[in-house]
Amino acid sequence: MYIYDIIEKKRYGNELTKEEIEFTIAGFVKGDITEAQMSALLMAITINGMTDKEALCLTKTMQNSGKSYKFPFKSVDKHSTGGVGDSTTLIVVPTLAAMGLRVSKMSGKALGFTGGTIDKMKCFDGYNPEMSEEKFLDIIRKCGCVIMSQSSDIAVADKLIYALRDKTATVDSIPLIASSIMSKKLASGADTILLDVKYGTGAFMKTIDDAKKLAKLMVKIGKADGRNVNAVITNMNVPLSDGVGCNQEVYSAIKVLHGENSRLAELSKYLCAKLYSEAKGKPFNECKKMVSDAIASGKAAEKLREMVMLGGGNADIIDHPEKLLISDYVVKVTSKKNTYVNNINAYKVAKFVNHLKDSAVEKQKYRAGIMLNVHVGDEIHENDTLATIYSSRKVTNEMIEELLACFEFSDKYSSNYKLIEESVK
Ligand code: URA
């Protein structure tokens with residue numbers, strides 16, 4: 001078998017066999033297949049696509065290139081395809097544990113413009129998400145949930161291929177994204193998995209149709225492996241939470257655990273109810289009530305505290321989230337006119353926050369971010385605060401203009417924004 005022939009076959013849009021896919025992945029991991037050859041194949045896949053059979057085979061082959069976890073208990077997992085102001089994990093994981101499920105969450109770092117859960121967990125001073133399997137099992141046995149970094153021995157081939165995709169403009173291919181995510185999810189060991197597949201300016205999938213295609217393929221891959229996998233399609237045109245930036249997103253999540261209502265609360269509660277309903281076979285509406293009780297009783301916040309402390313972290317900010325908003329420079333950005341907020345562009349907000357982080361003093365990158373003070377649909381008046389910037393460097397007029405450009409105003413509200421679109425079985 002020759003890699004040249006495999007590249008040529010895909011270049012003409014033909015289906016690769018199981019043997020050809022296995023040969024390619026094994027050869028690339030070993031170093032027999034060069035980055036140039038793999039890049040050519042990835043580009044051919046990005047342009048010509050893959051059949052579902054090929055995507056299933058690629059997923060399994062990448063999963064088998066590393067370790068697969070198997071737990072001595074049933075566990076659940078929630079995965080987001082990546083968004084802006086998405087701190088649902090910090091809410092969903094402890095809430096489900098407070099409801100009696102075991103939640104084994106292996107998370108990644110920030111990818112492209114999207115935020116990463118592992119970076120946010122570091123806001124709890126001392127929390128170490130790089131943990132051994134023994135520690136992972138110990139924490140989950142003691143408190144029912146744990147958030148750890150994706151261990152380096154999981155889906156080894158995906159790590160190498162993802163790095164190459166990042167350099168060769170081959171990230172946004174549906175079969176490549178589906179097999180990349182699912183190879184890691186299947187290796188992470190959960191029995192019931194809920195995928196939050198996002199579409200919009202602040203997501204990898206720009207259109208709802210592509211998000212549906214991605215969701216359907218991932219659900220198919222998961223089911224073929226015998227897992228209970230479901231997906232929900234959600235809107236990522238507007239930042240999910242008011243806070244964008246590590247500290248600010250943790251702040252928004254803690255506020256939800258203390259009972260605040262927001263878009264973030266709406267989606268997090270929906271995901272909890274859906275996952276619980278799937279794992280336990282209970283009616284969704286009954287589960288929704290259980291979720292609200294777990295949060296209102298303070299049990300969910302208590303679970304987060306337990307998990308953080310077992311992971312070596314300081315949980316004080318759960319009682320004092322306002323400490324997360326301390327920064328050298330705190331600057332309010334105000335409206336120049338009486339108007340309506342028609343849109344807040346999630347992608348532009350993410351870029352703005354990334355610029356803030358890039359220019360921040362090294363130890364203060366976690367503090368760089370914004371809090372939105374208005375929402376889509378709000379009527380606002382001249383000088384009302386639209387957003388607050390938290391920065392370790394002086395905020396310039398140019399920065400203020402960049403943030404203002406994230407807002408779209410109109411004489412009247414005319415958007416048909418809907419957060420949760422549909423679920424895919
Ligand atoms: N997240 C992943 O893990 N892989 C992708 O390809 C895209 C998002």
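Points to keep in mind about this one:
- Tyr127 meets all of the listed conditions (1) within 15 Å of Pro94 (Cβ to Cβ); (2) modelled with pLDDT under 95 but one, namely (2).
- So Ile177, is it in the same structural domain as Tyr276 (by TED's automatic domain parsing), more than 22 Å from Gly49 (Cβ to Cβ) and within 16 Å of the ligand (Cβ to nearest atom): no
- Exactly one residue out of Val103, Val84 is of a type in the set (Val, Ile, Thr), in contact with a Pro (Cβ under 7 Å, 6 or more places away or on another chain) and in the same structural domain as Asp158 (by TED's automatic domain parsing), and it is Val84.
- Some residue of segment 383-390 being modelled with pLDDT under 95 and out of contact with any helix residue (DSSP H, G or I) (no Cβ under 6 Å at 6 or more places or on another chain): no
- Of all residues in segment 14-23, at least one satisfies being modelled with pLDDT of 95 or more and out of contact with any helix residue (DSSP H, G or I) (no Cβ under 9 Å at 6 or more places or on another chain).
- Out of Ser188, Ser151, sole residue that is away from the ligand (no atom under 13 Å from the Cβ), touching a strand residue (DSSP E or B) at 6+ places or on another chain (Cβ under 8 Å), outside the structural domain of Ile344 (by TED's automatic domain parsing) and closer than 15 Å to Met62 by Cα: Ser151
- Once segment 76-133 is narrowed to residues that are away from the ligand (no atom under 16 Å from the Cβ) and small (Gly, Ala, Ser), the residue that is farthest from Val229 (Cα to Cα) is Gly126.
- Here segment 201-213 is the region considered, the condition is being surrounded by fewer than 21 Cβ atoms within 10 Å (Cβ to Cβ) and within 17 Å of His79 (Cα to Cα), and the residue that is nearest to the ligand (Cβ to nearest atom) is Lys213.
- Only one of the numbered conditions (1) of a type in the set (A, V, I, L, M); (2) in contact (Cβ under 8 Å) with a residue 40 or more places away in the chain; (3) touching a strand residue (DSSP E or B) at 6+ places or on another chain (Cβ under 6 Å); (4) closer than 17 Å to Lys184 by Cβ is not met by Val92, and that is (4).
- Residue under evaluation Val256, criteria (1) under 23 Å from Thr114 (Cβ atoms); (2) surrounded by fewer than 24 Cβ atoms within 10 Å (Cβ to Cβ), criterion not met: (2)
- Count of segment 15-31 residues which are touching a residue at least 24 places away in the same chain (Cβ under 8 Å), in a loop (DSSP other than H, G, I, E, B) and of a type outside the set (A, V, I, L, M, F, W, C): 1
- Matching residues, segment 168-206, being touching a residue at least 12 places away in the same chain (Cβ under 8 Å) and among the charged types (D, E, K, R): Asp172, Lys184, Lys185, Asp191, Asp196, Lys198
- Of all the numbered requirements in (1) of a type in the set (A, V, I, L, M, F, W, C); (2) at pLDDT below 95; (3) surrounded by fewer than 18 Cβ atoms within 10 Å (Cβ to Cβ), Ala296 misses one, and that requirement is (2).
- Qualifying residue in segment 261-271 (condition: more than 17 Å from Asp196 (Cβ to Cβ) and out of contact with any Phe, Trp or Tyr (no Cβ under 8 Å at 6 or more places or on another chain)): yes
- Qualifying helices (runs of 4 or more DSSP H) (wholly inside segment 270-333; at least 2 residues being over 23 Å from the mean Cα position of the chain (by Cα) and under 23 Å from Val232 (Cβ atoms)): 284-296
- Breaking point among (1) touching a helix residue (DSSP H, G or I) at 6+ places or on another chain (Cβ under 7 Å); (2) under 19 Å from Ala203 (Cβ atoms); (3) in a helix (DSSP H, G or I), for Glu421: (3)
- Tyr366 meets the conditions (1) within 13 Å of Gln248 (Cα to Cα); (2) of a type in the set (Ser, Thr, Tyr); (3) modelled with pLDDT of 95 or more in every case but one. The failed one is (3).
- From Gly31, Gly27, residue being surrounded by fewer than 14 Cβ atoms within 10 Å (Cβ to Cβ) and modelled with pLDDT of 95 or more: Gly31
The values are calculated or read from the model by the stated rules, or taken from the named source; none is laboratory data. Since this is a predicted model, take the numbers as computed values, not measurements. Glycine gets a Cβ as well: all are built from the backbone with ideal geometry, and neighbour counts include every protein chain shown.
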